[in-house]
Amino acid sequence: MSEKMIEVHNTGAEEQAACQSWELWESGEIREFAYDYDQDVQFIVQQGEAVIHTQFGDRVAIAPGHRVVIRAGVSGRWDITAPVVNRYEYL
């Protein structure tokens, strides 16, 4: 079940350009971020790196150029190794 709870895909230039109208999220200088996802969300990482840990024991690494889909029901803890900037939208 957890395999499809977070999906990571590489993006191209067209997808990077299209997401610029989505909401902006920046981690700033925080090193850890926890969030309970109550609806599906997708985001494209603009900069930074992190590992998302789920309640299922998954560890998902994200980096610039990744499009990430997180499904409702995930409780995630982000370990941020370089400040993250992403564009997101709820699905």
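The values are calculated or read from the model by the stated rules, or taken from the named source; none is laboratory data. Note that this is a predicted model, so its numbers are computed, not measured. Virtual Cβ from ideal backbone geometry, glycine too; neighbours counted across all protein chains shown. Areas reflect the complete protein model, heavy atoms only, side chains present, ligands, DNA and RNA absent. Shrake-Rupley method; radii C 1.70, N 1.55, O 1.52, S 1.80 Å.
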Show me, for the range 23-37, the HN-Hα J-couplings you get by feeding each phi into the Karplus relation (A = 6.51, B = -1.76, C = 1.60, θ = phi - 60°), rounded to Hz, glycine and proline as x. 5, 9, 10, 10, 6, x, 8, 5, 9, 9, 9, 10, 8, 9, 7
Student exercise, the chain dipole from Lys, Arg, Asp, Glu Cβ charges, in Debye to nearest 20: 160
Summing Lys, Arg as +1 and Asp, Glu as -1, what charge do residues with Cβ under 10 Å from the Cβ of Pro83 carry, Pro83 excluded? -2
Leaving out ligands and nucleic acids, note down the accessible area per residue over the range 1-86 with a 1.4 angstrom probe, in whole Å². 56
Excluding Gln55 itself, calculate the net charge of residues whose Cβ lies under 13 Å from the Cβ of Gln55, where each Lys or Arg counts +1 and each Asp or Glu counts -1. +1
Ranked by accessible surface with a 1.4 Å probe, highest first, in what order do Arg71, Arg87, Arg31 come? Arg31, Arg71, Arg87
Before anything else, pin down the relative contact order of the range 4-68: Cα pairs under 8 Å, at least 6 apart, normalised by residue count, whole percent. 43
Out of Thr11, Ala34, Leu24, whose Cα points farthest toward the positive end of the dipole of the range 1-56 (charges: +1 Lys, Arg; -1 Asp, Glu; placed on Cβ)? Thr11
Which value, in Å to one decimal place, does the Kirkwood hydrodynamic radius take for the chain when every pair of different Cα atoms is included? 13.0
Shape verdict for the range 1-40, please, from the Cα gyration tensor: rounded (a/c under 1.5), prolate (a/b greater than b/c) or oblate. oblate
Per-residue ³J(HN,Hα) for the range 69-82, Karplus 6.51 cos²θ - 1.76 cosθ + 1.60, θ = phi - 60°, Hz, x for Gly and Pro: 10, 10, 8, 3, x, 7, 9, x, 10, 8, 9, 9, 9, 8
Applying the gyration tensor rule to the Cα atoms of the range 41-80 (axes a ≥ b ≥ c; rounded if a/c under 1.5, else prolate if a/b exceeds b/c, else oblate), the class is oblate
Of the accessible area of the chain, with the probe set at 1.4 angstrom, what percent is carbon plus sulfur? 47
